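The values are calculated or read from the model by the stated rules, or taken from the named source; none is laboratory data. Just so we're clear, the structure is a prediction, and the values are computed from it rather than from any experiment. Please note: Cβ atoms are built from the backbone with ideal geometry, for glycine as well, and neighbour counts cover all protein chains shown.
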Amino acid sequence: MVSIIIGSMNRFRFGHKNPNGFTIFLKMLLVAFSAALLLTFCACGELLGTLASAADAMPTPVPLVVTPVPVITYSEAQTMPLPDDFEVPAGYTRVETQDSSLALFAFTESSGVVQYRVFGGYNELVNGVAGELYSGFYPSDESGSILSEYSATVDPTTESFGTSLPQPLPDTLRLRSAYQVLENGVITDGAGAYFIYGVVGASKGAFYSSDSEGVMTPGALASTAAIAVPSYMPATAPTADGERMIVVYIGTESIVVYLAKDGEWTQERIMICSTGRSKEMTPRGTFAIVRQYPYKKMGQIDGENVYSQYASRITGSYLFHSVPIGGDKRYSQVNGKKQMFVKYYEKLGTIASGGCVRLRCIDAYWIYMNCPVGTMIVITDDSGPIPPTPPKLIYEEPYMDEKHEYGWDPSDPDPENPYHAIYTPEVVLDGPVVDKSKD
């Protein structure tokens, strides 16, 4: 580099053949500048080399990857079986259902209202894939369906469980013989079970489980045990187990057959009936079955005698019997059973008879077969339990005639009854019925 600069200076013409001092000074200045420039180039070369080495030593940068945020959603809450090791909260009472996997519970709230809780859970979904499971108790209805207006579980420790202190027994309640009232108002069965008669919130009085001191079990449901005798039941105790009593409750047009068991009356059968159209038509009082007939001619309707099946005489001309039978074939049971008066069947549950007590065919048959002569009968204006609703009639042949005047009683146990294909029969006759009228 320096030699190139000096060579160039030698070729430069300053206008004199021989160099003077100024020329020499210029040459020396150019030499110094060239040297400095050379050193600078060297230093830059070393710096570039160092930078190159450093660059070679640096790691290769990793490309930046952006991870998407996971989408979190939740499944609908569903009922679930209760885990085997799960402890049921105090105050909850298990409700038995047809679905054994349904963990349904109930308790009496402080207001007296019965609340329901069902065990269930839901999944956390991460990008649609099931993740963590959350479970607990949900408010529900009595069927175990989770109430849609609730989206979260409840904390059993914060439930408002109802309680009560012992209340005096109403005069209309009579304890069964197996129970007694202690001095502190506690009711016991003598075998270690304790109850109180109490009122929770605005509810009606009921029997609730308690301890021996009369402290009600918080949240307990009203007991379903037959602790007291319902006010409409016979006031007198039976004389022997197996004894039956028939009570006709005109107030509800229902009949209860009571069966004596363990020294108490129990409800064996509840039936719907029709009694006299006026108070004077059906006698009130205590009677006993006098005689029984498989098929009986009755009084007149529209000027002609009618018949009935499975009649049991109460007193005089008053009987228990099936809905009346009319028509041109009413004279024999074989044909008459198909000619029940449709309009009187549909009046069961109301006052409609001429004084007798009308029944569905199967109920008249049941009394005929199970309540022999001498069975006690009580007919009262009182109200008893609400009777079951009879099956509906079908308005076409072969169930009834084309005029819809006569037809089969759906409950008739005769094997020819076409209703048996529609309604499951309680009884199907497999032969002739004993004629008890000849006993």
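Of note:
- Every condition in (1) more than 34 Å from the chain's Cα centre (by Cα); (2) on the phi > 0 side of the Ramachandran plot is met by M340 except one, and the failing one is (2).
- Of all residue pairs spaced 6 or more apart or on separate chains, those with beta-carbon atoms under 7 Å, a first member in the stretch 341-354 that is among the charged types (D, E, K, R) and a second member that is surrounded by 19 or more Cβ atoms within 10 Å (Cβ to Cβ) are K347/S274.
- Selection of the stretch 311-339 for residues being hydroxyl-bearing (S, T, Y) and touching a residue at least 60 places away in the same chain (Cβ under 8 Å) yields only S322.
- Every condition in (1) surrounded by 15 or more Cβ atoms within 10 Å (Cβ to Cβ); (2) at pLDDT 95 or above holds for G242 except the one numbered (1).
- Among the conditions (1) hydrophobic (A, V, I, L, M, F, W, C); (2) under 28 Å from S164 (Cβ atoms); (3) at pLDDT below 95, the only one that L82 does not satisfy is (2).
- Some residue of the stretch 408-430 being assigned by TED's automatic domain parsing to the domain that holds Y258, in contact with a strand residue (DSSP E or B) (Cβ under 7 Å, 6 or more places away or on another chain), buried (at least 20 other Cβ atoms within 10 Å of the Cβ) and in contact (Cβ under 8 Å) with a residue 40 or more places away in the chain: yes
- Qualifying residue in the stretch 201-213 (condition: of a type in the set (A, V, I, L, M, F, W, C), buried (at least 17 other Cβ atoms within 10 Å of the Cβ), touching a residue at least 24 places away in the same chain (Cβ under 8 Å) and outside any loop (DSSP other than H, G, I, E, B)): no
- Residue in the stretch 326-339 that is out of contact with any Asp or Glu (no Cβ under 8 Å at 6 or more places or on another chain), in the same structural domain as E280 (by TED's automatic domain parsing) and closer than 16 Å to P390 by Cβ present: no
- Hits in the stretch 255-313 - residues which are within 20 Å of T350 (Cβ to Cβ) and out of contact with any Ser or Thr (no Cβ under 8 Å at 6 or more places or on another chain): I255, V256, S278, K279, E280, I301, D302, V306
- Which numbered condition Y74 misses (of (1) over 19 Å from the mean Cα position of the chain (by Cα); (2) at positive phi): (2)
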